[in-house]
Amino acid sequence: MPQLIPIISRVLILILATAASVFAQNDPEWTEPFPAFRIAGNLYYVGSKGLANYLVTTPQGNILINSDLEANVPLLQASIEKLGFKFADTKILLISHAHWDHDAGSAKIKELTGASYMVMDADVPVVESGGKADFQYGNRPEFLYPPAKVERVLHDGDEVKLGGAVLVAHLTAGHTKGCTTWTMKVTEGGKTYNVVIVGSPNVNQGYKLVHNDAYPQIASDYLRLFDTLKVLPCDIFLGAHGGYFGLEEKYAHRKDGAANPFVDPDGYRKFVAEKEQEFRTELAKQTLAAK
Ligand SMILES: [Zn+2]
């Protein structure tokens, strides 16, 4: 009889873990449409309610950040066209990091637009293998997607330039090995703003921070990520998911003539501090358990 309890709890953990991963893959907000709108200057929001996409427009074509799930590609196209831009003018495709919810649609977008795909070095094997090279999810068929060829391999600090727009790729690894935080400047009403689009500081369910053979330096990468995020100048705070920066609330508070709610340097600092605390708590827990 006493043997039964550990077995039951193990079965329960398995059921919960399975439910969590299915939920993670099928979060209904990921495919729920959201109004496309101008954030500031030549920077636009073209994502769904749960998956964030950004369009940077220039006289020489546009840059799109994130391709999302394959199912989101028609949504993305509709958002871009609703703003009066052409989907076919997408010249460069970038991602926040090589996870299916941000990159599964890349092959389709490349096919439809001919965009040049530019990805951070350590995420390249993952996107080019359709997720198979991912340290955590590579052997999970439900998280795999069509592979997409990369035209330009990026390194930490590289600039992506098009028609006067300059985006800087900051390596913020941990969540994936090539997780990228994008920064750029936008001008609005004679003022220049520093934009930060956070790649992801999250420690996913099941991530091993200690003795991880598939990603030995994961913990030190996360620590470096927080060091990087803490020193980036930020006026306009954005990220790979709307939930990071309160997309819905801020969108609801946009008003002509009023302060732009997306200008939120305090919100950015608070977010980074909270995520660092979450990471350090999890690291301490796993370090203790490994002793
Ligand atoms: Zn992710």
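With just the Cα atoms of the range 63-147, tell me how far they stretch along each of the three principal axes, in Å, largest first.
Principal axes ranked by extent give 40, 24, 18 Å for the Cα atoms.
Give me the percent of the accessible area of the chain that comes from carbon and sulfur atoms, probe 1.4 Å, all protein chains in place. Before the final figure, lay out each step's value.
Details: 7790 of 13720 Å².
Summing carbon and sulfur atoms, their accessible area is 57 percent of the total for the chain.
Report residue 172's accessible area, 1.4 Å probe, all protein chains in place, as a number in Å² to the nearest 10.
0 Å²
Could you give the angle, 0 to 90 degrees to the nearest 10, between helix 218-231's Cα long axis and the longest principal axis of the Cα atoms of the chain?
30 degrees
Could you go through the range 96-108 in sequence order and give the Karplus-derived ³J(HN,Hα) for each residue, using 6.51 cos²θ - 1.76 cosθ + 1.60 with θ = phi - 60°, rounded to whole Hz, and x for Gly and Pro?
3J(HN,Hα) across the range 96-108, in whole Hz: 7, 6, 7, 10, 3, 6, 10, 9, 5, x, 4, 4, 5.
Could you pull out every one of the lysines with an alpha carbon less than 17 Å from that of residue 230, ignoring same-chain neighbours closer than 8 positions?
Residue 230 reaches 270, 275.
Would you list which lysines come within 19 Å of residue 191, measuring only between C-alpha atoms, while excluding same-chain residues fewer than 8 positions from it?
Qualifying lysines at Cα under 19 Å: 255.
So how much accessible area does residue 234 have, in Å² to the nearest 10, using a 1.4 Å probe?
Per-residue accessible area (residue 234): approximately 20 Å².
Near residue 30, within a Cβ-to-Cβ distance under 11 Å, what is the net charge of the other residues, with Lys and Arg +1 and Asp and Glu -1? Display every interim value, and only then the final one.
Working: positive: 49; negative: 27, 29, 32, 68, 101.
Local net charge: -4.
Could you name the aspartates and glutamates in cross-link range of residue 177, using Cα to Cα under 13 Å and dropping any fewer than eight places away on the same chain?
Filter leaves 121, 123, 134, 156, 221.
Taking N as the number of residues in the range 100-139, what value does Rg over Cα atoms divided by 2.2 N^0.38 Å take?
Details: Rg = 10.5 Å, N = 40, 2.2 N^0.38 = 8.9 Å.
Its radius of gyration relative to the 2.2 N^0.38 Å reference: 1.18.
For the chain, with every protein chain kept in place, what is the accessible area per residue (1.4 Å probe, Å²)?
Details: 13720 Å² over 291 residues.
Ligands and nucleic acids excluded, the figure is 47 Å² per residue.
Looking only at the chain, where both bridge partners belong to it, what percent of the DSSP beta bridges are antiparallel (to the nearest 5)? Please list the in-between numbers first.
Working: 27 of 40 bridges.
Roughly 70 percent of the DSSP beta bridges within the chain come out antiparallel.
Which angle from 0 to 90°, rounded to the nearest 10, does the C-alpha axis of helix 265-289 make with the longest principal axis of the chain?
In the chain, helix 265-289 runs at an angle near 20 degrees to the longest axis.
How high is the FRET efficiency between residue 255 and residue 191 when r is their beta carbon distance and R₀ equals 25 Å, given to the nearest 0.05?
My answer for the efficiency is 0.90.
Please provide three numbers in whole Å: the alpha-carbon extents of the range 133-291 along the principal axes, with the largest listed first.
Extents along the principal axes: 56, 37, 29 Å.
How do 57, 187 rank by accessible surface area computed with a 1.4 Å probe, from largest to smallest?
Listed by decreasing accessible area, they come as 187, 57.
How much net charge surrounds residue 243 when only the other residues with a Cβ under 11 Å from the Cβ of residue 243 are counted, with Lys and Arg +1 and Asp and Glu -1? Walk me through the numbers on the way to the answer.
Values: positive: 49; negative: 27, 29, 248, 249.
Result for the neighbourhood of residue 243: -3.
Report the local net charge at residue 151: Lys and Arg +1, Asp and Glu -1, summed over other residues whose C-beta lies under 13 Å from its C-beta. List each step's numbers first, then the result.
Working: positive: 91, 110, 149, 152; negative: 128.
Computed value for this residue: +3.
Compute the Cα gyration tensor for the range 200-291, then decide on rounded, prolate or oblate, letting a ≥ b ≥ c be the square roots of its eigenvalues: rounded whenever a/c is under 1.5, prolate when a/b is larger than b/c in the other cases, and oblate in all that remain. Each step should come with its number before you reach the end.
Values: a/c = 3.19, a/b = 2.59, b/c = 1.23.
Prolate, because a/c is 1.5 or more and a/b exceeds b/c.
Per the helix-only calculation at 222 nm, which mean residue ellipticity applies to the chain, given -39500 (n - 2.57) for every DSSP H run of n ≥ 4 and division by its residues, nearest 500 deg cm²/dmol? Present the calculation step by step, with values, prior to reporting the outcome.
Values: 9 runs with 99 residues, N = 291.
Calculated from helices alone, the mean residue ellipticity at 222 nm is -10500 deg cm²/dmol.
Ratio of Rg to Rh for the chain, alpha carbon only, Kirkwood?
Details: Rg = 19.4 Å, Rh = 19.7 Å.
My calculation of the ratio gives 0.98.
For the range 73-205, what D do you get in µm² per second when you plug the Kirkwood radius from alpha-carbon pairs into Stokes-Einstein at 10 °C and 1.306 mPa s?
Working: Rh = 15.6 Å.
D, rounded to a whole number, is 102 µm²/s.
The values are calculated or read from the model by the stated rules, or taken from the named source; none is laboratory data. Source: prediction; values computed, not measured. Ideal geometry is used to build each Cβ from the backbone, glycine not excepted, and the neighbour counts take in all protein chains shown. Note: areas computed on protein heavy atoms with side chains; ligands, DNA, RNA excluded. Shrake-Rupley method; radii C 1.70, N 1.55, O 1.52, S 1.80 Å.
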